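Novice: One structure coming up, written as structure tokens, with questions to follow.
Quick note: the coordinates plus some simple rules give every number you see, no bench work behind them. Remember, predicted model here, so these are calculated numbers, not experimental data. Don't worry about glycine lacking a Cβ; one is built from the backbone with ideal geometry, like all the others, and counts go over all protein chains shown.
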Amino acid sequence: MGAYFSVLFINQGGLSSVSSSSPSLGDLPESCVASIIGYLDPPEICKLGKLNRAFRGASWADFVWESKLPSNYQVLVDKILTFVPENLGKREIYSLLCTTNTLDGGTKKVWLDKSSGGLCMSISSKGLHITGIDDRRYWNHIPTDESRFHSIAYLQQTWWFEVDGEVEFPFPAGSYSVFFRLQLGRSSKRFGRRICNSEHIHGWDKKPVRFQLWTSDGQHARSQFTLNEPGKWFHYHIGDFNVENSNSSTKIKLSMTQIDCTHTKGGLCLDSVVIYPSKYREKLKQKGFLRC
């Protein structure tokens with residue numbers, strides 16, 4: 001293959017030149033181009049599709065995009081897409097699954113990462129069971145543009161801090177990491193600048209917050225953190241789980257607790273639970289968003 005490409009740019013005298021009669025990339029058979037670009041990431045495939053007619057046709061080839069889709073993509077289509085036109089190509093299916101799709105009355109969002117095809121999920125604070133959430137002396141739902149759900153749960157003060165969640169979903173085979181997205185302090189804007197109100201922050205330095213998850217096939221993970229950095233959203237890593245059979249649903253239960261009643265605690269924003277492919281931990285770490 002490398003020898004063929006060299007012919008495109010090197011004449012018989014060994015000098016680099018291209019004449020009007022020389023073969024070009026446009027002369028490559030579409031099937032050959034498709035076989036090559038199938039090794040690239042989806043964004044690169046889409047960019048190359050703008051080169052010429054052969055690359056454009058190859059960038060829409062079903063067998064190229066089927067290799068990028070999760071093995072159980074048809075199950076995902078049936079689960080999360082409300083309407084799918086008939087006779088869609090695999091690239092169009094990939095694009096629809098990469099769009100953020102809502103489930104369960106808007107309390108869950110599911111999407112494929114555009115670059116890798118990995119499945120991601122977010123569960124809003126309204127999709128979790130929060131002890132005392134209906135008592136406005138302790139908790140409030142606050143609108144914000146800092147959440148993909150445009151709303152967070154804000155804790156003013158409580159003795160008993162407990163949050164539970166549950167999800168059952170046909171995750172594609174692979175390894176996944178689960179996080180709580182939290183922030184100490186309530187952020188707002190003043191004169192166009194982001195500020196953080198730390199008025200209610202207290203009690204989190206006394207005892208660590210405990211995180212746990214369980215899966216329907218017996219996996220269990222736990223972690224604990226002392227919350228002590230106000231004014232910034234962090235992903236607190238609960239643990240990981242593995243999926244081997246993508247043809248059946250995996251049920252996950254998770255919790256976050258600080259139930260030492262010798263002191264109150266408050267001033268915490270709870271946005272969501274996030275589930276990412278495990279390799280995303282490194283990206284979160286590089287951005288400074290990870291606590292693990």
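Novice: List the chymotrypsin sites (Phe, Trp or Tyr not before Pro) in the range 176-281 that DSSP assigns to loop (not H, G, I, E or B) and whose Cβ has at most 10 other Cβ atoms within 10 Å. Which are they?
Specialist: Hits after loop and neighbour filter: F191.
Novice: Treat every Asp and Glu Cβ in the range 148-250 as -1 and every Lys and Arg Cβ as +1, leave all other atoms uncharged, and give the resulting dipole magnitude about the Cα centre to the nearest 20 debye.
Specialist: Roughly 840 debye, rounded to the nearest 20.
Novice: Related question: Enumerate the amide H contacts of T144 below 5 Å, restricted to partners 5 or more residues apart or on another chain; note that Pro and chain-start residues carry no placed amide H.
Specialist: Those lying under 5 Å, H to H, from T144 are S151, I152.
Novice: Taking the alpha-carbon distance from K207 and a cut-off under 20 Å, which lysines remain once sequence neighbours fewer than 8 residues away in the same chain are dropped?
Specialist: Within the straight-line cut-off, K207 pairs with K265.
Novice: Mind checking which aspartates and glutamates have their Cα closer than 13 Å to the Cα of K68? Skip sequence neighbours fewer than 8 apart in that chain.
Specialist: D41, E44, E92, D113
Novice: Related question: First check a/c for the range 183-292, with a ≥ b ≥ c the square roots of the eigenvalues of its C-alpha gyration tensor; if it is under 1.5, answer rounded, and if not, answer prolate when a/b is larger than b/c or oblate otherwise.
Specialist: Verdict is oblate for the range 183-292.
Novice: Per residue, what volume in Å³ does the convex hull of the Cα atoms of the chain enclose? Don't jump to the answer; show the numbers that get you there.
Specialist: Values: hull volume 53.7 nm³, N = 292.
Convex hull volume per residue, Cα atoms: 184 Å³.
Novice: Let me ask you something else. Which is the longest run of the chain containing none of the GluC sites (Glu not before Pro) found in DSSP loop states (not H, G, I, E, B) with at most 16 other C-beta atoms within 10 Å?
Specialist: 1-85
Novice: I'd like to know which of P143, Q212, A54 lies farthest towards the positive end of the charge dipole of the chain, counting +1 on Cβ of Lys and Arg and -1 on Cβ of Asp and Glu.
Specialist: Sorting the options by dipole projection puts first P143.
Novice: Percent relative contact order of the chain, based on C-alpha pairs within less than 8 angstrom and at least six residues apart? Walk me through the numbers on the way to the answer.
Specialist: Details: 567 pairs, mean separation 52.3, N = 292.
It comes to 18 percent, rounded to a whole number.
Novice: Using only the C-alpha atoms of the range 64-156, find the volume of their convex hull and express it per residue in Å³.
Specialist: Dividing the Cα hull volume of the range 64-156 by its residue count gives 114 Å³.
Novice: Another question about this same structure. Restrict the search to the range 83-149; then list the chymotrypsin sites (Phe, Trp or Tyr not before Pro) that DSSP places in a loop and that have at most 12 other Cβ atoms within 10 Å of their Cβ.
Specialist: Taking the range 83-149 and a limit of 12 other Cβ atoms within 10 Å, the loop chymotrypsin sites (Phe, Trp or Tyr not before Pro) found are F83.
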